[in-house]
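Peer 1: Below is one structure. I have some questions about it.
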Amino acid sequence: MPDDNNGEALKITGLNHSFGTGEIRNQILFGIDLTIEPGELVIMTGPSGCGKTTLLTLIGSLRQVQEGSLRVLGRELAGLSDAELVEVRRNIGFIFQTHNLFESLTALQNVRMALELKDSNRARNRQRAEEALIQVGLKERIGYKPKGLSGGQRQRVAIARALVNKPKLILADEPTAALDARSTEIVLNLMRQLAKQEKTTIFVVTHDVKILNLADRIVTMAEGRIKSNTPTTETIRVCMFLTKCPAFSSLKPEELANVAGKLVLERFAAGSTVIRQGNEGDKFYIINQGTADVLRDEGGGNRKIATLQEGDFFGEIALLEDKPRSATIVAVDDLEVYTLDKKSFRDAIDSTASFKEQLLKVFYQRR
Amino acid sequence: MPFRRVPLAWANLVHNKVKLAASLAGITFAVALMFMEMGFYNALLDGMVGLLRKFDADLILTSRTRYTIGFKESFSRRHLNEALQFQDVLAANPIYIETRMARWRVLDSGLQIPVRVVAFRLADEAFTDQEIQAQTAALQVPNSALFDRSGKARFYGRPRIGDVTELSDRRLHVVGEFGLGADFLNDGNLVMSDRNFLNYFADRRGADPESLPIDIGLIKVRPGTTDRVKASLAKALPPSVEVFTKDQFIDNEKQFWLLNTPVGFVFWLGMVFGFVVGVVICYQILFSEISSYIREYATLLAIGYRRVDLVQVVLLEALYLAVMGFVAGTAVSFVCYAMNQKFTCIPFNLSTFRVTLMFAFTLLMCLISACLAIRKLWSAAPADLF
């Protein structure tokens, strides 16, 4: 049971890990910080020996945490005994590169082995195991032993075993490496479905580019450190917003992604003021969710001149001209905005002349 | 059975039929080996005390220097008669035994084969074996004897009642038969009257019938007085005569063979070796079983099973092997026992107690193997699966 639940499926802070002691001590992980929300499908990549497997085993409670904090499904793993780690593991689904099914058991029995950890009712387990196997497209192979199944079918049995207890976290190591195209598609659909419907967090280590488009977040590791941590779904969404703006429409994808990577998510309650007319401009804004009114005081008090909604942006004029805000923006309902600070905004403009020219063009169009 | 779990241990064991057959053959061999060694061990003891068990007595007198029934050392019948003077003694019956001088002539071949001759007074209730007691009238015929049909037929032939042969070069009428069997010293037996016995073995006759040398004295006492009479006799009789209860006498004989001859030790060692061989075979089977499923066991640990759960699986496999191997081993042993008994005429008895004891040994054998093999489970590292 989680000792408390702050909402994150996974929260790693300052995690270090080494193998060996004394002179042969070899540090594998260096100050890992990572937060994953429930329902995210995270893909972790990196070269061999970069520490991703060690990180995966730590998240899976298969190793003791040495230094730092690692919270899985709301439970701190640092300091837990081996027996307590076993308890944590029962709430995690594991999918390995090789299926690791018992050759002596049928597909149904292999899946039941996972169910019997939590429930000893045979009839109920049988039904749930059958449902899980049907879900992975093996209705006709329920009574078969692994020897009678293809490689893809075996891996699907292993996936059914991992999913049957409806874990809130699934750790997968190259789950599609041994699969044919059809099996890969079934597995990917399942993962997508679980992540969205059951809010299951799925953490996948893979080099399979076919599944990169599934990722909500791509974490890249190198030499024991997280090299990049990109929330891909959000980045694509934000880039789509940015391309609506004429100033960003001509940027290459990587330039857009760079800008998106520097955005910060901020929230404002309904009725609160986001920027005030006359104040100094310090940020650029894009509305992610909600609506906001644009008010301008031209001597006779505030007058609503426009309403902004999801994907609209504001605040860029003050940054470009280095002048006070020309209008007040008030949240109509709960408002979620991405912001880009003044320095990052200017850096982005300075990095490409065409980008700067485009923004100036926008500015002059607005005027 | 709504709560029946997946039978992983059983499934792992029977999954590969060829491997299972080889495994069972190994365990069966070990069980049969232990059974056979135990059979020889018990055959030695059962054979050597077979005659003693047939004596109808509460107390037994022998010469103190007769450390085993097979050693010829007699004592004076006078001491047996002295025992009759005690108030609670109901009967004192002499038994005569001859092995050295007794030669049975085989009817077909004419060969002379050593035989053990046991004699008693026909008026006495000397044997618990009713078959012998019922034939006392027939034994009154001069030069007659009962033939041991359980003795080695290939030595003595199969004489029928009424046949006439020779014992130590004198005519002998076979007037009946009984069942005793061979032991490690004697291949067969004859039972006759004391009168006939003294005719055949004249050197056993003395000048004074009262001091006739006898081999064993059988004493019957009033119920409940055995220990008291034994103590009194031990006090009253000369030191050259020793008094035993019947059970003590039988135990004494067994102890002699176990402790003072290499035969008992050899068979005991054979049993230990059978056990050790069984442990090694069973260990190899279980170790190989665990090794072949090591990644699967590691997967079970990863998904939340505890090592103790896996230990249970291996222990169950050991239990199944023990039961299956025991059943097969017992069946093989029954056949081997029957063959041994037929060939050697030495009693190979499988009592319920001995079968139960052997099952306990088989269980222990497989459990020790499992405990040794279980160490392999600790090499199942779920973290290595990634």
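Quick note: the coordinates plus some simple rules give every number you see, no bench work behind them. If you're wondering where the values come from, they're calculated on a predicted model, not measured in any experiment. Cβ atoms come from the backbone with ideal geometry, glycine included; neighbour counts cover every protein chain shown.
Peer 1: Past the 31 Å Cα-Cα mark, which pairs from A:Lys166/A:Lys262; A:Lys196/A:Lys342; A:Lys118/A:Lys196; B:Lys152/B:Lys254; A:Lys11/A:Lys244?
Peer 2: A:Lys166/A:Lys262; A:Lys196/A:Lys342; A:Lys11/A:Lys244
Peer 1: Which helices pass in chain B if a helix is a full DSSP H run, must span at least 18 angstrom along its long axis by Cα, and must have mean Kyte-Doolittle hydropathy not below 1.0?
Peer 2: Taking the DSSP H segments of chain B (at least 18 Å long, mean hydropathy at least 1.0), we get B:17-54, B:262-292, B:307-344, B:352-373.
Peer 1: If one takes the longest principal axis of the Cα atoms in chain A, at what angle in degrees, from 0 to 90 and to the nearest 10, does the Cα axis of helix A:342-351 lie?
Peer 2: Approximately 90 degrees, to the nearest 10.
Peer 1: What is the Rg over Rh value, at two decimals, for the stretch B:165-276, using alpha-carbon atoms and the Kirkwood definition of Rh?
Peer 2: On the way: Rg = 19.5 Å, Rh = 18.4 Å.
Expressed as Rg/Rh, it is 1.06.
Peer 1: Using r as the Cβ-Cβ distance of B:Trp268 and B:Val335, and R0 as 35 Å, what FRET efficiency do you calculate, to the nearest 0.05?
Peer 2: Plugging the Cβ-Cβ distance into 1/(1 + (r/R0)^6) gives 0.90.
Peer 1: Which whole-percent values make up P(r) of the stretch A:17-77 when all C-alpha to C-alpha distances are grouped in 5 Å steps starting at zero?
Peer 2: 4, 14, 26, 27, 18, 7, 3, 1, 0
Peer 1: Hey, another quick one. Label 7 Å along Cα→Cβ of A:Asp82; the stretch B:355-372 residues with amide nitrogen under 18 Å?
Peer 2: Residues B:371-372 fall inside that zone.
Peer 1: If you don't mind, there's one more thing I want to ask. Which residue, A:Val42, A:Val264, A:Val157, has the most motion in a Gaussian network model of chain A that connects Cα atoms within less than 10 Å?
Peer 2: A:Val264
Peer 1: Which percent of Cα-Cα pairs in the stretch A:95-237 sits in each 10 Å bin, short to long?
Peer 2: Values per bin, smallest distances first: 12, 40, 32, 13, 4.
Peer 1: How far apart, in nanometres, would the label points at B:Leu363 and A:Gln289 be if each is projected 7 angstrom from Cα along the Cα-to-Cβ direction?
Peer 2: Roughly 6.4 nm, to one decimal.
Peer 1: May I ask you to compute the full-extension gain from A:Asp180 to A:Lys343, defined as 0.36 nm times their residue separation minus their alpha-carbon distance, rounded to one decimal in nm?
Peer 2: Result for the pair: 53.8 nm of gain on full extension.
Peer 1: Treating the angle as unsigned and between 0 and 90°, give the value, to the nearest 10°, between the Cα long axis of helix A:181-197 and the longest Cα principal axis of chain A.
Peer 2: Roughly 60 degrees between the two axes.
Peer 1: While we're looking at this one, here's another question. Scale the Cα Rg of the protein assembly as shown by the rule-of-thumb value 2.2 N^0.38 Å and send over the ratio, two decimals.
Peer 2: Output field value: 1.73.
Peer 1: If you take the alpha carbon radius of gyration of the stretch B:147-201 and divide it by 2.2 N^0.38 Å, what ratio comes out, to two decimals?
Peer 2: Scaled against compact globular proteins, the figure is 1.11.
Peer 1: Let me ask something else about it. Percentage of Cα-Cα pair distances in chain B greater than 42 Å, rounded to whole percent?
Peer 2: On the way: 25255 of 74305 pairs.
Cα-Cα pairs in chain B separated by more than 42 Å: 34 percent.
Peer 1: Continuing with the same structure: How many nm is it between the label spots at B:Arg171 and B:Asn16, if each spot is 7 Å from the Cα in line with the beta carbon?
Peer 2: Placing both labels 7 Å along Cα→Cβ, they lie 7.5 nm apart.
Peer 1: For peptide A:160-170, compute the average count of partner chain beta-carbon atoms within 10 Å of each residue's beta-carbon.
Peer 2: 1
Peer 1: Straight-line reach from B:Lys19: which lysines have a Cα under 30 Å away, not including same-chain ones fewer than 8 places off?
Peer 2: B:Lys19 reaches A:Lys145, A:Lys147, B:Lys376.
Peer 1: For B:Phe287, B:Phe334, which order do you get if you count the other beta carbons within 10 Å of each Cβ and list the fewest first? Each step should come with its number before you reach the end.
Peer 2: Working: B:Phe287 18, B:Phe334 15.
Neighbour counts put them in this order, fewest first: B:Phe334, B:Phe287.
Peer 1: Per Stokes-Einstein, at 10 °C and 1.306 mPa s, what whole-number D in µm² s⁻¹ belongs to the stretch B:76-239, with the Kirkwood radius over Cα pairs as the hydrodynamic radius?
Peer 2: Rounded, D is 94 µm²/s.
Peer 1: Quickly rank B:33-44, A:268-279, A:226-237 as a protection proxy: mean count of other C-beta atoms within 10 Å, highest first.
Peer 2: Numbers: B:33-44: 22.6, A:268-279: 14.8, A:226-237: 16.6.
Descending packing order for the listed peptides: B:33-44, A:226-237, A:268-279.
Peer 1: Sticking with this structure for a sec: How much mean residue ellipticity at 222 nm does chain B get from its helices, if each DSSP H run of length 4 or more adds -39500 (n - 2.57) and you divide by all residues, to the nearest 500 deg cm²/dmol?
Peer 2: -16500 deg cm²/dmol
Peer 1: Order these peptides, A:89-101, A:290-302, A:27-39, by their mean beta-carbon neighbour count within 10 angstrom, highest first. Don't jump to the answer; show the numbers that get you there.
Peer 2: Details: A:89-101: 21.6, A:290-302: 14.2, A:27-39: 17.8.
In descending order of packing, they fall as A:89-101, A:27-39, A:290-302.
Peer 1: Taking the stretch B:1-109 on its own, what percent of its Cα-Cα pair distances exceed 17 Å? Write down the numbers at each step before the final one.
Peer 2: Values: 4477 of 5886 pairs.
I get 76 percent for the Cα pairs in the stretch B:1-109 exceeding 17 Å.
Peer 1: Just to be sure I understand the model, the point goes 7 Å from the Cα along the line to the Cβ. What's the resulting A:Met240 to A:Gln197 distance in nm?
Peer 2: With each label point 7 Å from Cα toward Cβ, the separation is 2.3 nm.
Peer 1: Please report how far the C-alpha centroid of the stretch B:83-147 lies from that of the stretch A:34-67, rounded to the nearest whole angstrom.
Peer 2: Taking the Cα centre of the stretch A:34-67 as reference, the centre of the stretch B:83-147 is 91 Å away.
Peer 1: Looking only at Cα atoms, what is the convex hull volume of the stretch B:226-352 per residue, in Å³?
Peer 2: Considering the Cα atoms of the stretch B:226-352, their hull volume per residue is 200 Å³.
Peer 1: Further, regarding this structure: For the stretch A:2-157, what is the convex hull (Cα atoms) projected area averaged across all directions, in square nanometres?
Peer 2: One quarter of the hull surface, i.e. the mean projection, equals 11.5 nm².
Peer 1: Give the aspartates and glutamates whose C-alpha is closer than 17 Å to that of A:Lys52, dropping any in the same chain fewer than 8 places away, or say none.
Peer 2: Cross-link targets: A:Asp33, A:Glu67, A:Asp173, A:Glu174, A:Asp208, A:Glu223, B:Asp384.
Peer 1: Using Cα positions and a limit of under 22 Å, work out the lysines in reach of A:Lys304, with same-chain residues fewer than 8 apart set aside.
Peer 2: A:Lys283, A:Lys323
Peer 1: Could you give me the percent of Cα pairs per 10 Å distance bin for the stretch A:207-295, shortest bin first, beginning at zero and ending with the bin that holds the maximum distance?
Peer 2: For the stretch A:207-295, the binned pair fractions read 13, 36, 32, 14, 4, 0 percent.
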